[in-house]
Structure formats: C-alpha cells, structure tokens
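Scroll down for the structure; my scribbles are underneath it.
Read-outs throughout are calculated quantities, based only on the coordinates presented, and are distinct from any laboratory measurement. This structure is a prediction, so every number in the text was calculated from the model and none was measured. All Cβ positions, glycine included, derive from the backbone under ideal geometry; neighbour counts span all protein chains shown.
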C-alpha cells in the first residue's frame, strides 16, 4: 500500500490528537479515532468524525486495514494505551505526538512494539486544550520532529514523515535524546519561567496586576495552559529540564549579583538580545534534500542534518 | 487656562515621546517637540511635526505659552534635560514618561522642580524604538500611571491626568515607590526572564532553535528590544528589581528541588496557573469616581483606590 493511502487511527482526541484527526481527514485520507472520555467522543461525532470510546474496536480495525496508529494521550496514560496496541494491532506502524521522546521510546520498548515504532512530536499548540480547541490548521507550517535511531525502519519512517508533511508541517529528523534536551530549553523551560513570572506578578497585588502590559502578558501566556498538561510534559523530561533550568538559574543569579554590585543588567541583557537575534535568523528554513531513506548510514545522515537545523519539506526518496 | 487647551512640549522623540507628540497633535492640542539627535528631528519634520534640536528654544516657548512639559528621554539622560527645564521653563507643569518613578522624582527634586512636577508612566511599548516606530494609537486603552504624593499640587495632577486621558489611556494613581515595586514584578522581571530564556535557548544550538515554537517565541519577545533601553530601565529600578528577582529565583529553585526529589513541577505550575487566572480576571477595570482632586486627603484617597486596582476614565472633579 502506498503510504499516502494508508489509513490513520488516532488514539486520544485532545488538542493535538483532535487537530490531527481533522487534518488527516481534511487531506483526504481515511481516518478514525478513539478517546477515553465519552464527552469528546460525542462532540467529535457531532462534528461528523468517525470516533469511538472502545479502543479495542478502533485498534482491531487498524490491524485489518494496516493503518498508521498514532498515540496522542499525555505521557501518564501512554502505558495503558500501548498495552491495547500490543493486544490488538501489534504489527501496525506506530507513532506518537507526545512531547518527550526518550521516555516514550522506553514505553514502546516495554510494550514490545519497538520494531514498527517511529516517534513524533509536532511543535504546535495553544494554551487551550481538548477536542473543542482542535484546529485543522494547527500543524500548518509547524515543525514536526520525527525520531531516528540506529534501528529505525525505513518504511515506518517514511510513513510517519508523510503524516507530518500531509498535515502541513515540515519534518525535522532528530534522535530522541537530542529532541528531549532541545525541548527542555525551548518548551519546558519557557513554561516554568512563565509560571514563576505569573506567581511573582500576582504576589504584588491588584495595583501590580493593573500595571501589567505586553511583557507580562506575553511572558505568562503559557501559564494559562491546563496545569496537569504542563506538569505531565515537564515531569516526563525531568533530567533534561533540570539541566536547562540550571543554566537559566546561573544566568539569573549572575544578573542578581551584577545588580547588587553595579546596578547593572548589561551582561545578561546583551547576551539575551544577541540570542534572540540568532533565533530570528534561524526562522529561515534550509531544506534537507540529499538523504535517501534506507541507504547506508541514512539514519546518521538525517540526524546530522537535523542537528545543523535542516528540515524536510518533501517526502524523501526510498532506497 | 483650561487644561484641555494647554499646549504640550515633548522632550525626546523616541517610541514613547514620538507617539505622545503624535497623539497630542491628533487630539487637537498645540504641541511641539525637541530631540537631541537631528535624525529624529528631520524625520519628524518630514512627517509634518513642529520639532527642533534646540532645547532652549523649545523650553522658552513652553514658558511663554504655559505649556505642559513632558520629559521623554531614558533615565541616564534625565538630569541633563532637567537642567535645561530649570534654566528655561521652571514654572511650567512638568511630567515625564520614564519607566521608574522614585529615581525620577529624586532627579526632579535635585533640579529644584518638585513643586510643579507630577510623574507619569504609560504602560505601553513595543520591542521597536525611535521616532519611526512611533504610533499615534500607542496609548489607546493603555494604563497610564500618574503619581501622587503628600505634596502633589492638585492643578498639576489634573493637567497630567488630562494628558493621559486625552491620549486614549486610563489613569492609575500610585505612589512612586508603589509604582516602582509593581513594575519590577510585571515589567522589569519579565525582561530579565526573557533575556535568560533566549540565552539558554540559543546555547542549545541550531536543532534547539529549530524546535522553538510559541512558548519560546512569546517568552523571548521582549529580548528583541534594544539592549541599552532594557538595561537603562532595569538598572534604574535595581533595589525593587532585586526583590522581584529573588522571589522568582526562590520559585525556580523550589521547582528544581522538586524535580530532583520527585520529578514533579506541580507546586510551581499550580501556583503559576492560578496567578495567571487572577491576572485574566484583573483585566476588567473598575472606575474610581468618588475622589475630588484638591479635597482633604485626596492624595491618600487616590493612592488607596489605585492600590485596590481602580482606574480613572474621566477627568475627576476639582475641589
């Protein structure tokens, strides 16, 4: 079966899973979904989608139709869902959209599903959550990490990259541990800083919050996300997050010392401004075009190109 | 002279001063400006505004026409500008739009200009700077702090509040030290956290920046501001900023300890989310309507109402 025609079975219909079901159906592929709570199931059915609260039936159909199975539940619910996958659809290509990749890969390994698994993480979201917040365009022009390791199966990798590309994203290949260290810096740390800023602001009382303008509003935006989702995401990446947090604490302690000694924030402010300029420059994509999936050393070639900031915008050739 | 007809002399034509000159002229009041660098003067003249690079002539005209004089230069340039005010227009009502209020009041005191001075701070801005970034609507629906202390002159206070209201803002009355503690929490601390986040993100290299999405983009937005402006603002409020920074460091160190001990960010994340909800609720204004400026204890009444989050939307009555 050509991957563009492979059906998709989405397990979990929150913001990310729900948006993915919408995007896949919108791209013309057959797709169905499962969700544990019937509220989202009823709402998705009312919107015309083929969904069920019975995970066994969703996965039996996936096995029959050789579907691509996507795990889209928070990390604490992953093991239970993978048990169902192992019971009903152990031979399907399997991916996920969970925000940590090493712990996800370990869970897949425990469930005996590693041979057909390729991890994924679309870098997209809003502070809203649940099916009602799902958006068919959530992944458009987003970056979608598709993991690569030494044992990754080329066909499974192509199938998962195709899902990301057909949802409107570009693909960034990365090792699971590289991914986790990166998102600790640019996703999980921003959440912790936003929570701390919100807390310090509110501690100042009503006048203080009345004076809050753009810098506070933007700096605390993601503190509006459901706290259980933020904690689940951060806690699952604790080791890498501790390292990133330590770097931030070192920078802030340095700024504190300089404020006390010289009433000067210049060192931190100069470094931060230069870093933000680097980020702005980095927004320009460069395209990985020369890797043939399945060729010798293709996994290392993809990992190296991803580390240098490259992205995949069209499905690569298959050796 | 009725305050609505009082002319306005704006000293400094960067983002804030330039936007103010535009807004005042747009409201139909006579206004002129001064800027030290001739680049902004030429640009403002080309846009049809009455501006000069000669501060003495701008201020002599202010004295002749009993103008409201607005200091709109960064804190490090304030003393020099106030010397000119003292030399040429010592009897005009004087205000400012500088981001710290206690140090500004001290500079005004040193210059012998305290009797006619009322401090101001519009909580508005963008990461851009300079005359070319100036925007006639910058202050629309913004919060504009107008300071009150035990010696504040009622007529000067009305004149400055009127400037803020006629520029489209609401007025929040506050003591200078209350203001400085508040903006340390909700303006200066957000800048330091944004700088630290940008630095830690960029330190991760190209893959890391490639994976940066909304939380990093919003969390580092103000790190794009010209570093000299950020440092000038933060450094002038060093004592209050150190206190706010210490609260943030305590929260982040607590989160680090909990991550190490229990792989849990729940305490910080719950507190931050609750705080962000308080901020969202606070966005609703309540109006201060019962204070008559110049009546007994009017200064304390305004300070108390401001501390409880009240705003002024219409020019108060004068006793």
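Rounded to the nearest 500, the helix-only mean residue ellipticity at 222 nm of chain A stands at -15500 deg cm²/dmol, with each DSSP H run of n ≥ 4 adding -39,500 (n - 2.57). Taking the centroid of alpha carbons for each part, the stretch A:132-154 and the stretch A:171-212 are 22 Å apart.
P(r) tail for the protein assembly as shown, what percent of Cα pairs lie past 31 Å?
Numbers: 114109 of 203203 pairs.
Counting every Cα pair in the protein assembly as shown, those more than 31 Å apart make up 56 percent.
Sorted from nearest, the other copies put their residue B:66 label points 9.0 nm away, the label point being 7 Å from Cα in the direction of Cβ.
Compared with the dominant Cα axis of chain A, that is its longest principal axis, helix A:78-88 is turned about 10°. Within the listed set B:269, B:160, B:146, the Gaussian network model of chain B (springs between alpha-carbon atoms below 10 Å) gives the highest mean-square fluctuation for B:269.
Normalised radius of gyration (Cα atoms, divided by 2.2 N^0.38 Å) for chain A: 1.07. In nanometers and ordered shortest first, the copy-to-copy spacing of the residue B:292 label point, defined 7 Å from Cα toward Cβ, is 9.1. By definition, a body whose alpha carbon gyration tensor gives a ≥ b ≥ c is oblate when a/c is 1.5 or more and a/b is not larger than b/c, and the stretch A:188-253 fits this oblate description.
Per-residue mean of foreign Cβ neighbours for A:97-109 is 0 (Cβ atoms of other chains, 10 Å radius).
Kirkwood analysis of the stretch A:73-129, using all unique Cα-Cα pairs, places the hydrodynamic radius at 11.8 Å. Taking the fewest neighbouring Cβ atoms within 10 Å as the starting point, the ordered list for A:191, B:121 is A:191, B:121.
Computed from Cα positions, the angle between helix B:238-262 and the longest principal axis of chain B comes to roughly 20 degrees.
Counting beta carbons within 10 Å around each of B:150, B:155 and listing the fewest first gives the order B:150, B:155.
Is the shape of the stretch A:1-130 rounded, prolate or oblate, going by the alpha carbon gyration tensor and its root eigenvalues a ≥ b ≥ c, with a/c under 1.5 for rounded and a/b larger than b/c for prolate? Rounded, because the longest to shortest axis ratio a/c is under 1.5. Sorted shortest first, the distances from the residue B:260 label point to those of the same residue in the other copies are 1.9 nm; each point sits 7 Å from Cα along Cα-to-Cβ. Principal-axis analysis of the Cα atoms of chain B puts helix B:154-166 at an angle of about 60° to the longest axis.
Averaging the sequence gap over all C-alpha pairs within less than 8 Å and six or more residues apart, then dividing by the number of residues, gives chain A a relative contact order of 16 percent. Across peptide A:277-285, the average count of Cβ atoms from other chains found within 10 Å of a residue's Cβ is 5.
Legend: mean number of C-beta atoms from other chains within 10 angstrom of residue C-beta atoms, peptide A:309-316, equals 1. A simple spin-label model places the labels of residue A:267 and residue B:263 3.5 nm from each other, with each point 7 Å out along Cα-to-Cβ. Here the gap between residue A:60 and residue A:177, fully extended at 0.36 nm per residue and compared with their Cα-Cα distance, gives a gain of 38.9 nm. Cα centroid separation, the stretch B:279-319 to the stretch B:12-34: 26 Å. Full extension of the chain segment joining residue B:246 with residue B:284 gains 10.7 nm, where the gain is 0.36 nm per residue of separation less the Cα-Cα distance.
So what is the relative contact order for the stretch A:180-282, in percent, with contacts set as C-alpha pairs under 8 Å and at least six apart?
Here the relative contact order equals 30 percent.
Ordered by the count of other Cβ atoms within 10 Å of each Cβ, fewest first, B:6, A:210, A:110 give A:110, B:6, A:210. What residues from the stretch A:72-101 fall in the zone where the backbone N is under 19 Å from a label point 7 Å along the Cα-to-C-beta line of residue A:153? Once the point is set 7 Å along Cα→Cβ of residue A:153, A:72, A:82-97 turn out to lie under 19 Å by backbone N, inside the stretch A:72-101.
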